[in-house]
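These notes are about the structure you will find just below.
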Amino acid sequence: MAQAALGAAGLHFDELNKLRVLEPEVAAQTAQLREECRAFVDKTAEFQKIVGSLIELVDQLAKAAESEKMKAIGARNLLKSITKQREAQEQQLQALIAEKKMQLERYRIEYETLCKIEADQNEFIDQFIFQK
């Protein structure tokens with residue numbers, strides 16, 4: 001009866017016979033909810049830690065990929081530059097070959113002319129010798 005009167009007033013005894021404002025069942029549920037909340041907060045903190053380390057790792061991989069990308073672009077540009085240099089060198093060599101061919105043709109014509117002059121002079125010398 002005393003418990004009923006206290007219960008009506010909103011006071012209750014717990015298992016240790018201590019006077020409480022909450023019902024024992026509600027107090028137990030509150031304690032259980034508090035423990036579940038702590039576990040949830042701990043798991044959330046652990047999840048945030050894992051996600052943070054994952055983000056860090058992804059950032060490092062992104063930086064490494066960007067670095068490799070820049071190296072590849074640099075290598076490609078260098079290759080294009082070398083290709084252009086070789087094309088320019090090839091054009092210079094082709095121009096030099098054309099120049100040397102023209103020079104060879106001039107020398108051939110000059111040689112033929114000199115051979116003709118030599119033949120004319122030899123013929124003149126022969127005629128001069130026969131006239132004497």
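Every read-out reported here was derived from the displayed coordinates using simple, explicitly stated rules and does not represent laboratory data. The model shown is predicted, which means the values in this text are computed figures rather than measured ones. Ideal geometry is used to build each Cβ from the backbone, glycine not excepted, and the neighbour counts take in all protein chains shown.
Please work out, to two decimal places, the log10 of the ratio I(q)/I(0) at q = 0.20, 0.21, 0.22 Å⁻¹ from a Debye calculation in which every Cα of the range 37-132 carries one identical scatterer.
-1.01, -1.04, -1.06
Counting Lys and Arg as +1 and Asp and Glu as -1, each charge on the Cβ, what is the dipole of the range 88-132 about the Cα centre in debye, to the nearest 20?
So the dipole magnitude of the range 88-132 works out to roughly 60 debye.
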